[in-house]
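Okay, handing you the structure first.
The values are calculated or read from the model by the stated rules, or taken from the named source; none is laboratory data. Remember, it's a predicted structure, so these values are computed and weren't measured experimentally. Counting neighbours? That spans all protein chains shown, and the Cβs are built from the backbone with ideal geometry, glycine included. For the accessible areas, the whole protein counts, side chains as well, though only heavy atoms, and no ligand, DNA or RNA atoms are used. Shrake-Rupley method; radii C 1.70, N 1.55, O 1.52, S 1.80 Å.
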Amino acid sequence: QVQLVESGGGLVQAGGSLSLSCAASGSIFSVNAMGWYRQAPGKQRELVASITKGGSTNYADSVKGRFSISRDNAKNTVYLQMNSLKPEDTAVYYCNANAALAAWVVGREYWGQGTQVTVSS
């Protein structure tokens, strides 16, 4: 099995910064794409940013220029640096990873437990 453990998050004023990290552990053969999603109250979960094993990134339009995703493949860890935070960024942020348990096993999606990010105005 694969576990995703998130850290970071919390309460910050608008315009401030926060960083999140997520480490994948377990009987992992390889970790492919990793990413961050968020879900605000009453809204659907949405992609914030993703990064491939090779480092290609993708961002939601709402966070482009403010958020930065990166990863450390040796540590199976993904990071999200969030700058110029806005109240509308308030949500539970979830780590996501596509991981395979063996070379002959197709990778599947795993999710972290979620971490709260609250931006006050």
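From (1) part of a loop (DSSP other than H, G, I, E, B); (2) among the hydrophobic types (A, V, I, L, M, F, W, C); (3) free of Cβ contacts under 8 Å to residues at least 24 places away in the same chain, pick out the condition that doesn't hold for Ala103.
All conditions are met except number (3).
Can you name the residue in the range 85-99 that is within 11 Å of Arg38 (Cβ to Cβ) and part of a helix (DSSP H, G or I) and, of all such residues, is nearest to the chain's Cα centre (by Cα)?
For the range 85-99, the residue satisfying everything is Asp89.
Same structure again: Collect the residues in the range 1-41 that are among the hydrophobic types (A, V, I, L, M, F, W, C), assigned to a loop (DSSP other than H, G, I, E, B) and closer than 20 Å to Ala74 by Cα, keeping them in residue-number order.
Passing the criteria: Ile28, Phe29.
Each row is one residue, and each column tells you yes or no for (1) without any contact (Cβ under 8 Å) to a residue 12 or more places away in the chain; (2) charged (D, E, K, R); (3) closer than 16 Å to Tyr110 by Cβ.
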position	(1), (2), (3)
Gly8	no, no, no
Gly35	no, no, yes
Ser56	yes, no, no
Thr90	no, no, no
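If you don't mind, another one. Which residue is modelled with the lowest pLDDT, if the candidates are limited to the range 16-53 and must be of a type in the set (Val, Ile, Thr) and open to solvent by 30 Å² or more (accessible area, probe 1.4 Å)?
Within the range 16-53, the match that is modelled with the lowest pLDDT is Ile28.
Of all residues in the range 54-78, how many are open to solvent by 50 Å² or more (accessible area, probe 1.4 Å) and touching a Lys or Arg at 6+ places or on another chain (Cβ under 7 Å)?
1
Within the range 100-111, is there a residue that is surrounded by 13 or more Cβ atoms within 10 Å (Cβ to Cβ) and in contact with a Cys (Cβ under 9 Å, 6 or more places away or on another chain)?
Within the range 100-111, one or more residues are surrounded by 13 or more Cβ atoms within 10 Å (Cβ to Cβ) and in contact with a Cys (Cβ under 9 Å, 6 or more places away or on another chain).
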